[in-house]
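These notes are about the structure you will find just below.
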Amino acid sequence: MNGKGGETVTEKPRILVVDDEQRSLDLLARALRKVGEVVPASSGDAAWDAFQQAEFDLVISDQRMPGTKGAELLARVAQRDDRIGRVLLTGYADMQATIDAINLGRVHAYISKPWKPDQLALLAGSLIERTRLARQNDSLVKELSARNEELEIAMAELRRTHHRMASGVQLDAIGRTMAMVVHDLRGPLNTIGMATSQLAQSDDDPVGRAETARIASEEVQRLGQLCEELVEVSRAGSESLRYDDTPLDEVIHSVLTAMAEPCRAAGVAVEEELSCERSPRLDGGRMRRTILNLTQNAVEAMRGGGTLRVESRCEGEAALVRVMDTGPGIPDGIRETVFEPFVTHAKSGGLGLGLAIVRKIVEDHGGTVSIAEDSEGGNAFEIRLPIAP
Ligand SMILES: Nc1ncnc2c1ncn2[C@@H]1O[C@H](COP(=O)(O)OP(=O)(O)OP(=O)(O)O)[C@@H](O)[C@H]1O
Ligand SMILES: [Mg+2]
């Protein structure tokens with residue numbers, strides 16, 4: 001394999017054999033030719049030259065030679081590349097040098113002369129294998145650490161991108177919300193501004209003054225409502241609920257009672273069919289707000305009059321509420337987004353927060369709200385709330 005570390009280990013093994021006697025060199029070459037490609041050298045210096053020219057898997061050297069001795073040559077090899085196999089051939093008289101060389105880790109094995117060809121070939125084979133495994137291992141480690149580095153760079157980039165995106169998306173959302181809030185604040189503020197300057201100039205017109213004050217006070221109310229609704233949509237999740245165990249039907253009934261007068265004024269008949277015997281656990285105040293927003297929308301939609309019908313019942317482990325009207329239905333253009341904040345259509349003074357609040361409160365209660373599919377002509381909202389076992 002040729003790893004990223006650049007070390008080739010598939011070629012034929014190369015063995016450097018060193019002995020000052022030609023006959024011994026020939027014998028070594030013959031014994032090892034099946035194991036690998038044998039490169040002979042007749043002295044320590046010649047061997048060192050050859051060693052620097054090419055890559056070897058194994059060096060086998062006689063100890064006793066004129067000039068550089070075997071143990072010294074193998075020590076230099078070890079220093080250059082510790083993974084290369086190193087074998088010292090020794091005579092009986094070289095025993096001390098051999099022991100030193102082994103103790104200092106400069107050779108892997110020694111063979112005393114006269115050596116047996118089979119034994120030498122076997123030892124050479126296993127040392128070469130060891131060298132190749134060590135090289136392969138190193139190149140895998142190098143490759144792994146290169147991959148690791150790449151991975152770390154990619155992770156850092158990902159973190160940066162994520163951070164940029166998250167803050168970008170947040171800023172974008174905050175920016176859009178702010179623009180809409182400012183837009184909604186500006187209208188009533190302008191009106192109040194004009195009204196107060198008129199008030200200051202109209203000492204001699206009590207009727208006009210009363211009318212102007214009424215307009216200003218209405219606009220102040222609108223501002224207050226806007227603030228309340230903004231707080232409602234941005235409230236933290238279900239932890240902010242205050243369960244008070246008001247039964248669902250009681251909540252609905254109280255809203256319809258409060259809506260009786262506005263309905264009468266708008267020519268809207270009210271029908272009420274409530275039969276949810278097992279109520280889900282509720283934050284009564286906030287659920288009241290939900291039903292109120294839906295019924296207000298319904299009445300606002302039926303400009304020429306019509307019927308508002310509210311039903312409740314239990315279905316398995318859920319309570320179902322339907323708020324139906326005979327108006328024109330949700331306009332197609334906003335059907336998909338109608339539960340998003342600031343979606344409003346054809347309503348002067350509509351903030352587009354009513355249904356966003358409905359969804360928020362229902363979801364905080366673990367439920368869902370949807371536009372019912374089977375609404376005929378008019379519109380029907382359906383709320384499904386889980387009843388705790
Ligand atoms: N029952 C309904 N029939 C027809 N259209 C509806 C109905 N309910 C809601 N809509 C449409 O959905 C829009 C969004 O309603 P939503 O209650 O969220 O905001 P809004 O009523 O415009 O303003 P506000 O924040 O004052 O409630 C409305 O402007 C209206 O066009
Ligand atoms: Mg509304």
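Tell me yes or no: at least one residue of the stretch 50-69 is buried (at least 24 other Cβ atoms within 10 Å of the Cβ) and of a type in the set (Val, Ile, Thr).
The answer is yes; a qualifying residue exists.
Given Leu58, Leu28, which one is in the same structural domain as Trp115 (by TED's automatic domain parsing) and under 59 Å from the mean Cα position of the chain (by Cα)? Walk me through it before giving the result.
Working: Leu28 fails: under 59 Å from the mean Cα position of the chain (by Cα).
Testing whether each residue is in the same structural domain as Trp115 (by TED's automatic domain parsing) and under 59 Å from the mean Cα position of the chain (by Cα) leaves just Leu58.
If Val369 passes every condition in (1) under 18 Å from Glu273 (Cα atoms); (2) in a strand (DSSP E or B); (3) among the aliphatic types (A, V, I, L, M) but one, which one does it miss?
(1)
Looking at Leu241, Leu320 in this structure, which one is more than 16 Å from ligand 1 (Cβ to nearest atom) and touching a Ser or Thr at 6+ places or on another chain (Cβ under 9 Å)?
Values: Leu241 fails: touching a Ser or Thr at 6+ places or on another chain (Cβ under 9 Å).
That would be Leu320, the only listed residue that is more than 16 Å from ligand 1 (Cβ to nearest atom) and touching a Ser or Thr at 6+ places or on another chain (Cβ under 9 Å).
Could you check Pro206 against (1) under 19 Å from Asn293 (Cα atoms); (2) surrounded by fewer than 16 Cβ atoms within 10 Å (Cβ to Cβ); (3) modelled with pLDDT under 75; (4) not small (Gly, Ala, Ser) and say which number it fails?
With respect to (1) under 19 Å from Asn293 (Cα atoms); (2) surrounded by fewer than 16 Cβ atoms within 10 Å (Cβ to Cβ); (3) modelled with pLDDT under 75; (4) not small (Gly, Ala, Ser), Pro206 is out only on (1).
So which residues in the stretch 259-302 are charged (D, E, K, R) and not in a helix (DSSP H, G or I)? Spell out the reasoning first.
Just the residues of the stretch 259-302 that are charged (D, E, K, R), to begin with: 261, 264, 271-273, 277-278, 281, 283, 286, 288-289, 300.
Of everything in the stretch 259-302, those that are charged (D, E, K, R) and not in a helix (DSSP H, G or I) turn out to be Glu271, Glu272, Glu273, Glu277, Arg278, Arg281, Asp283.
Hey, any hits in the stretch 321-331 for a residue that's part of a strand (DSSP E or B), at pLDDT 95 or above and basic (Lys, Arg)? Before you say what the answer is, go through the steps one by one.
At the first step, the residues of the stretch 321-331 found to be part of a strand (DSSP E or B) are 321-325.
Going one step further and asking which of them are at pLDDT 95 or above, we end up with 321-325.
If we keep only those that are basic (Lys, Arg) as well, we get 322.
Looking for residues that are part of a strand (DSSP E or B), at pLDDT 95 or above and basic (Lys, Arg), one finds at least one in the stretch 321-331, hence yes.
Given the structure, is Ser312 polar (S, T, N, Q), within 11 Å of ligand 1 (Cβ to nearest atom) and over 19 Å from Leu241 (Cβ atoms)? Break it down stepwise before answering.
Details: polar (S, T, N, Q): yes; within 11 Å of ligand 1 (Cβ to nearest atom): no; over 19 Å from Leu241 (Cβ atoms): yes.
In short, no.
More than 15 Å from ligand 1 (Cβ to nearest atom), free of Cβ contacts under 8 Å to residues at least 12 places away in the same chain and within 16 Å of Val323 (Cβ to Cβ) - does that describe any residue in the stretch 255-268?
The answer is yes; a qualifying residue exists.
Can you pull out the residues in the stretch 336-346 that are more than 7 Å from ligand 1 (Cβ to nearest atom), at pLDDT 90 or above and among the hydrophobic types (A, V, I, L, M, F, W, C)?
Answer for the stretch 336-346, where residues must be more than 7 Å from ligand 1 (Cβ to nearest atom), at pLDDT 90 or above and among the hydrophobic types (A, V, I, L, M, F, W, C): just Phe339.
Condition first: within 6 Å of ligand 1 (Cβ to nearest atom) and in a loop (DSSP other than H, G, I, E, B). Now tell me which residues in the stretch 347-358 satisfy that.
Result: Lys347, Gly350, Leu351, Gly352, Leu353.
Do you know which of the residues in the stretch 279-337 that are under 24 Å from Ala388 (Cα atoms) and among the hydroxyl-bearing types (Ser, Thr, Tyr) is surrounded by the most Cβ atoms within 10 Å (Cβ to Cβ)?
Ranking the qualifying residues of the stretch 279-337, first place goes to Thr290.
This table checks each residue for (1) within 24 Å of Glu311 (Cα to Cα); (2) more than 16 Å from ligand 2 (Cβ to nearest atom).
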position: Pro328; (1), (2): yes, no
position: Asp332; (1), (2): no, yes
position: Ala346; (1), (2): no, no
position: Arg384; (1), (2): yes, yes
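Looking only at the stretch 267-278, which residues are at pLDDT 95 or above and surrounded by fewer than 20 Cβ atoms within 10 Å (Cβ to Cβ)?
Scanning the stretch 267-278 gives Gly267, Ala269, Val270, Glu271, Glu272, Glu273, Leu274, Ser275.
Please verify whether Thr344 is outside any helix (DSSP H, G or I), in contact with a Gly (Cβ under 6 Å, 6 or more places away or on another chain) and assigned by TED's automatic domain parsing to the domain that holds Arg278, treating the condition exactly as stated. Talk me through it step by step, then tell me what you get.
Details: outside any helix (DSSP H, G or I): yes; in contact with a Gly (Cβ under 6 Å, 6 or more places away or on another chain): yes; assigned by TED's automatic domain parsing to the domain that holds Arg278: yes.
It is true that Thr344 is outside any helix (DSSP H, G or I), in contact with a Gly (Cβ under 6 Å, 6 or more places away or on another chain) and assigned by TED's automatic domain parsing to the domain that holds Arg278.
Please give the number of the condition Ala388 fails out of (1) surrounded by 15 or more Cβ atoms within 10 Å (Cβ to Cβ); (2) more than 11 Å from ligand 1 (Cβ to nearest atom).
All conditions pass for Ala388, except number (1).
State which residue pairs qualify: first residue within 23 Å of Glu218 (Cα to Cα) and inside the stretch 325-349, second residue of a type in the set (Ser, Thr, Tyr) and assigned to a loop (DSSP other than H, G, I, E, B) in any location, beta carbons under 6 Å apart, and separation of 6 or more residues or different chains.
Val343/Thr337
In the stretch 82-100, how many residues are under 26 Å from Arg14 (Cβ atoms) and under 60 Å from the mean Cα position of the chain (by Cα)?
So the answer is 7.
The values are calculated or read from the model by the stated rules, or taken from the named source; none is laboratory data. These numbers come from a predicted model, not from an experiment. Using ideal geometry, Cβ is built from the backbone for each residue, glycine included, and neighbour counts are taken over all protein chains shown.
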